[in-house]
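Any read-out appearing in this document is the output of simple, stated calculations on the displayed coordinates, not a laboratory observation. Given the structure is predicted, the values throughout are model-derived calculations rather than measurements. We place every Cβ from the backbone using ideal geometry, glycine too, and count neighbours over all the protein chains shown.
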Amino acid sequence: MPKLGIFSGNEVCEILMQHGFVRVRQRGSHIVMQKSTDTGTITVPVPNHRTLCIGTLNSIIRQSQLNKELFIR
């Protein structure tokens, strides 16, 4: 399987917005994204850093319930 790409916080937010997430608020360097579903609301905090660590990116992917292939470059 190909490796995950290196993304900034803004790039991850753009991908999330393309899949139905909305930027709800920002406090300091963290942006909170939300998406309403039939079963509830998915909330994902995204650090607004130049590069996100792989572990942080994996956590965002898991919380957002999006396909990991969207984050491969």
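Quick look at the values:
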read-out	value
Net charge of Cβ neighbours under 12 Å - reference LEU57; Lys, Arg +1; Asp, Glu -1	+3
Helix-only mean residue ellipticity at 222 nm for the chain, each DSSP H run of n ≥ 4 adding -39500 (n - 2.57), per residue, nearest 500	-8500 deg cm²/dmol
Electrostatic dipole magnitude of the chain [Cβ: Lys, Arg +1; Asp, Glu -1; Cα centre; debye, to 20]	180
Charge dipole (the chain, unit charges on Cβ, about Cα centre) - positive-most of GLN63, GLY9, THR41	GLY9
Positive minus negative residues near GLY9 (Lys, Arg vs Asp, Glu; Cβ under 13 Å)	0
Local net charge near PHE21, Cβ-Cβ under 14 Å (Lys/Arg +1, Asp/Glu -1)	+1
Relative contact order (percent, whole number), the range 9-68, Cα cutoff 8 Å, 6+ residue spacing	28
Among (i) -0.58, -0.65, -0.94; (ii) -0.39, -0.45, -0.87; (iii) -0.35, -0.40, -0.81, the entry that matches log10 I(q)/I(0) by the Debye sum over Cα atoms at q = 0.14, 0.15, 0.21 Å⁻¹ as calculated here	(ii)
